[in-house]
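Asker: Structure provided below as structure tokens; questions to follow.
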Amino acid sequence: MKIDLHCHTKKTKQGDGESRNVDFDLFERKIQDADVKVLAITNHNHFDYEQYLQFSESQFSTVWPGIELDVSGTNGKYHCIIIVNPKEAEQFNEICKNEFKNKSPDNYLISAEDLVNIFSELDSIFLVHYLNKEPSIHDEDLDFLQERLTDKNALLLEPSSLKSAGIMVAHGLRSIVGSDVKDWNNYEEYELPQLKLQVSDFDKFKLLLKKDKSIIKTFLDQKNYELVTIQPFSDLKLTLEIYNDVNVIIGGKGTGKTEILKSMEKNFQDKGNNDVISYYAAKNKIKYKELIEINPEQNDINVFDLDNQSLDLKLLLDWTIPNATNTQDYYNWKAYFQPSKNFGFMNSDFAELISDVTLNKWKSVYKEIKSGIKQILKHEKEIEEVAGNELENFKNILNIVDAEIRKKLINEYCNWWSLKLEKTTINKMKSIYQSKKGEYPKPSNTGFNDFFVKHIGLKKKISEIKTILDMGVQKNEITIGNLPDKGRIYVEKNISLNPDNFDGDSKFILGQGYLRKLQNLKKSIIDLESNVFTIAINKSLSEVKKQLNDMGINNLDKFLGVSSKVKKADGNEYSPSTGEQSMLILNNVLINEGYNVFILDEPELSVGNEYINNIIVPRLKELSNLNKKIIIATHDANIGVRTLPLQTIYRVDKGSNKYETFLGNPFTDNLVCYGNESKVLNWSEVTLKVLEGGRNAFNERGVIYGDKRN
Amino acid sequence: MPLMKGELSMEIKEIEVVLMNIDNKDILEFGFEQPEHIDLNSEDQTHLREVFYLLMKDIIKEETKRIKLNLTICKEHPTTKLFEEIATEYIKQLNLEIEKIYEDVDKLREDYL
């Protein structure tokens, strides 16, 4: 639908060319050729009421009265076009007669203040020259107009070209261009904007302005709807324009609205975009359970800030009681010993027995220092606040400490390894000598030191395990929405590795039914710790290993469990009512901007008018501004009307299992029968009749319904 | 009065180890509260481990005393010269290893024992 809101029909100023003059016949021919459906007559500083009345008889276009004024702003002159509701054409004429009395259009100049005072009382559109459309308004003067104009006046900007208008629309500026026709002979060649939707009259055009900043089809958004073909019933196939906006399905109960929705959802899902989210009020009970359901996840372990080595149970699983050196080896050595001149090492002991205690000490020190430095530097900003420039020195010292301890650790590691290599080498040589000569070497040691060190290693590991399994509960809060008067509602997720922190309702990473088993395992580990230095270790260790193997546990992260509680903002536990549960589920659907298609079945159910008006309707508008496709089956007037749906699908039960489908919107104010375009209903009347809602809601919709609500 | 932990010389707790021959077996009997013995001719680890556990228990328990094994030869049940030499070497090495453990045990005691 082409529209021309800046159109001259007369030469009124000396600078205007003669070819701006047009008679009714040429006007009719040209607007028919150009296919312009809405046109505003906006001559320079002049309104010819008689001509307007004549031209408004056009059978091809709706004609609105208007004028283009020279305005004196604080930063220079600009042009402002005023287009008036045809219902107020006579009043507009009186104002113009009074204003232009004894003034020539050539010399006429109105101040911005007078412009507002004189014309803002009219139901009107102010269209000002902007940017490269000279003489253009300065931003300061634009701010003045924005401040002073009221709800009765819509303010639009007119750049020099349709392309500029498109760019401005893309940046959220309400803009449009007109022909500013200079030669009527070429009128059809002017580039004119197309409206996104057909509008029936001035009121509906302003309604469209109110809904959407981008009212015109620009090169940036030519495609603002998608043709969707669905077959909700075996005898009904529909091809519908589904807008990147609010689309509603209305009609009495049992007219198949939900089936249409489901069919629509399937259609979008089948396209494989995975960007469809749906809400069906009838499924709320299950959906709420899903919403508050908390399961343990592998990355929950991160809340404990533990390293992999601490969690790993390999040492425990692989641990066996070390062998002592048999006394028989000493017998063999003494009984069969023959001293050799060449192989003195056969009788050698090791200068040092190998112990990893010192190495482990430095490992542990380094680990703690490293972690401590990391913790400290988390508060770098705060340290800088109190220590200022000393922060850098402090960081340098920490780096030196880190480097020196690392050096020490590497040193210890080298010592340990060199001893180990020495021992291995000598034993190997002894073994080779023994096999060649049939003689027995002196045993290097009794094995007691190794025995002791290995038990200490186990004790250390078990102590570490026990500390981890005794760690407290870490809490995570997962917001599930906000409720009126209650504020934020969240699920408190209690994460723990200690099975004693849980009850039967808790869930474990291993699955259901592991509470008792994990508790028993923990007991066995504690039992093992007390038996490390006793002969009973064998039995305790076997028991722990058996349980670990039975449950497939090789890492402490398998102890991960969670429990949950629904809480409200004040931290107290809370059980939302059925209506509140619906609000929370809806909230979670509507908040998801990652989806492009929102399928909503009766979102109004159980939530109350206040929630619909204050939360749902504004959110639907936000989503429509984000170009999301929102398809809603509803009985609610606020949702069906106040969201200004670009598509309304109306289902009518004709009895005997026969139904009709009508399509339309509030801007055309029509609903056209699908498959029978001659059958047309009035959108306002239908929505008033079909949709339920509070009296207040209907009052608020006065603009949309006009006088019909009375 | 026993010396405190960390002092240079600590009180020694001697555990008597007696070498004897009983029923043609050369045995080392360790004088723990409940005496434990090992057969020097056997390759069985059971008794060796039991002795080691009892030794560890004493080392950990006796914070103010140092354990030292003292070998004596049983005159009533004498064994051969060869086994005397074996026992002497074995107990000598065991004492060396116990001494080595004392170098670490204080550090360990703080963290794990």
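The values are calculated or read from the model by the stated rules, or taken from the named source; none is laboratory data. Every value quoted in this text rests on a predicted model; they were computed, and no experiment measured them. Here the Cβ positions follow ideal geometry from the backbone for every residue, glycine too, while neighbour counts run over all protein chains shown.
Asker: Would you check if there is a residue in the stretch B:81-102 being surrounded by fewer than 16 Cβ atoms within 10 Å (Cβ to Cβ), in contact (Cβ under 8 Å) with a residue 40 or more places away in the chain and under 20 Å from A:ASN332 (Cβ atoms)?
Answerer: Within the stretch B:81-102, none of the residues are surrounded by fewer than 16 Cβ atoms within 10 Å (Cβ to Cβ), in contact (Cβ under 8 Å) with a residue 40 or more places away in the chain and under 20 Å from A:ASN332 (Cβ atoms).
Asker: Sticking with this structure for a sec: Collect the residues in the stretch A:309-333 that are of a type in the set (S, T, N, Q), more than 14 Å from chain B (Cβ to nearest Cβ) and without any contact (Cβ under 8 Å) to a residue 24 or more places away in the chain, keeping them in residue-number order.
Answerer: A:GLN309
Asker: Sticking with this one: Just one of the numbered conditions (1) out of contact with any helix residue (DSSP H, G or I) (no Cβ under 6 Å at 6 or more places or on another chain); (2) within 7 Å of another protein chain (Cβ to nearest Cβ); (3) surrounded by 17 or more Cβ atoms within 10 Å (Cβ to Cβ) is not true of B:HIS47; which one?
Answerer: (2)
Asker: Sticking with this structure for a sec: Out of B:ILE27, B:ILE12, report the one residue that is more than 8 Å from chain A (Cβ to nearest Cβ), assigned to a strand (DSSP E or B), of a type in the set (Val, Ile, Thr) and surrounded by fewer than 16 Cβ atoms within 10 Å (Cβ to Cβ). Spell out the reasoning first.
Answerer: Values: B:ILE27 fails: surrounded by fewer than 16 Cβ atoms within 10 Å (Cβ to Cβ).
Answer to the selection: B:ILE12.
Asker: For the stretch A:252-299, which positions are charged (D, E, K, R), under 27 Å from A:LEU691 (Cα atoms), over 21 Å from the mean Cα position of the chain (by Cα) and assigned by TED's automatic domain parsing to the domain that holds A:ALA637?
Answerer: Scanning the stretch A:252-299 gives A:LYS253, A:LYS257, A:GLU259, A:LYS262, A:LYS266.
Asker: If you don't mind, another one. Do we find that A:LYS486 is surrounded by 20 or more Cβ atoms within 10 Å (Cβ to Cβ), under 32 Å from the mean Cα position of the chain (by Cα) and over 30 Å from B:GLN45 (Cα atoms) in this structure? Reasoning before the result, please.
Answerer: Numbers: surrounded by 20 or more Cβ atoms within 10 Å (Cβ to Cβ): no; under 32 Å from the mean Cα position of the chain (by Cα): yes; over 30 Å from B:GLN45 (Cα atoms): yes.
When the stated conditions are applied, A:LYS486 does not pass them.
Asker: Next question. Taking A:SER530 as the residue in question, decide whether it is touching a Leu at 6+ places or on another chain (Cβ under 7 Å) and either aliphatic (A, V, I, L, M) or part of a helix (DSSP H, G or I) (or both). So that I can check it myself, show each step before the final result.
Answerer: Details: touching a Leu at 6+ places or on another chain (Cβ under 7 Å): no; either aliphatic (A, V, I, L, M) or part of a helix (DSSP H, G or I) (or both): yes.
Here the answer is no, as A:SER530 does not meet what is asked.
Asker: Could you please give the count of residues in the stretch A:660-678 that are polar (S, T, N, Q) and either at pLDDT 90 or above or assigned to a loop (DSSP other than H, G, I, E, B) (or both)?
Answerer: Total satisfying the criteria: 4.
Asker: Also, quick follow-up: From the set of residues in the stretch A:268-289 that are buried (at least 19 other Cβ atoms within 10 Å of the Cβ) and polar (S, T, N, Q), which is nearest to A:SER684 (Cα to Cα)?
Answerer: Filtering first and then ranking leaves A:SER278.
Asker: For the stretch A:524-543, give me the residue count where each residue is free of Cβ contacts under 8 Å to residues at least 12 places away in the same chain and not hydroxyl-bearing (Ser, Thr, Tyr).
Answerer: Of the residues in the stretch A:524-543, 4 are free of Cβ contacts under 8 Å to residues at least 12 places away in the same chain and not hydroxyl-bearing (Ser, Thr, Tyr).
Asker: Can I ask one more? For the stretch A:1-11, which positions are at pLDDT below 95 and among the β-branched types (Val, Ile, Thr)?
Answerer: A:ILE3
Asker: Another question, if that's okay. For the stretch B:86-102, give me each residue that is at the interface with chain A (Cβ under 8 Å from one of its Cβ atoms) and within 17 Å of A:ASN326 (Cβ to Cβ).
Answerer: B:ILE86, B:GLU89, B:TYR90, B:GLN93, B:LEU94, B:GLU97
Asker: Would you tally the residues in the stretch A:443-461 being assigned to a helix (DSSP H, G or I) and either of a type in the set (A, V, I, L, M, F, W, C) or facing another protein chain (nearest Cβ under 7 Å) (or both)?
Answerer: 10
Asker: Only one of A:ALA324, A:ALA335 is touching a helix residue (DSSP H, G or I) at 6+ places or on another chain (Cβ under 8 Å), among the aliphatic types (A, V, I, L, M), modelled with pLDDT of 60 or more and part of a helix (DSSP H, G or I). Can you tell me which?
Answerer: Going through A:ALA324, A:ALA335 in turn, the sole match is A:ALA335.
Asker: Still on this structure, I have one more. Output the residues belonging to the stretch A:544-592 that are in contact (Cβ under 8 Å) with a residue 24 or more places away in the chain and in a strand (DSSP E or B).
Answerer: Correct list: A:ASN555, A:GLY561, A:VAL562, A:SER563, A:SER564, A:LYS565, A:VAL566, A:LYS567, A:LYS568.
Asker: Also: Would you say A:GLY561 is within 26 Å of A:LEU306 (Cα to Cα) and within 29 Å of the chain's Cα centre (by Cα)?
Answerer: The answer is yes for A:GLY561.
Asker: Of (1) assigned to a loop (DSSP other than H, G, I, E, B); (2) surrounded by fewer than 19 Cβ atoms within 10 Å (Cβ to Cβ); (3) not small (Gly, Ala, Ser), A:GLU477 satisfies all except one. Which?
Answerer: Against the list (1) assigned to a loop (DSSP other than H, G, I, E, B); (2) surrounded by fewer than 19 Cβ atoms within 10 Å (Cβ to Cβ); (3) not small (Gly, Ala, Ser), A:GLU477 comes up short only on (1).
Asker: Follow-up question, since we're still on this one. With the condition kept exactly as written, say whether any residue in the stretch A:489-505 is more than 14 Å from chain B (Cβ to nearest Cβ), within 30 Å of A:GLU610 (Cα to Cα) and not aliphatic (A, V, I, L, M).
Answerer: Yes, that holds for at least one residue.
Asker: Would you please name the residue that is farthest from the other protein chains (Cβ to nearest Cβ), looking only at residues in the stretch B:33-44 that are more than 16 Å from A:TRP333 (Cα to Cα) and out of contact with any strand residue (DSSP E or B) (no Cβ under 7 Å at 6 or more places or on another chain)?
Answerer: Going through the qualifying residues, I end up with B:GLU33.
Asker: Determine the pairs where a residue that is under 15 Å from A:HIS6 (Cβ atoms), located within the stretch A:64-79, has a partner that is assigned to a strand (DSSP E or B) and among the polar types (S, T, N, Q) with Cβ atoms under 6 Å apart, the partner being 6 or more residues away or on another chain.
Answerer: A:GLY66/A:THR42; A:ILE67/A:THR42; A:GLU68/A:THR42
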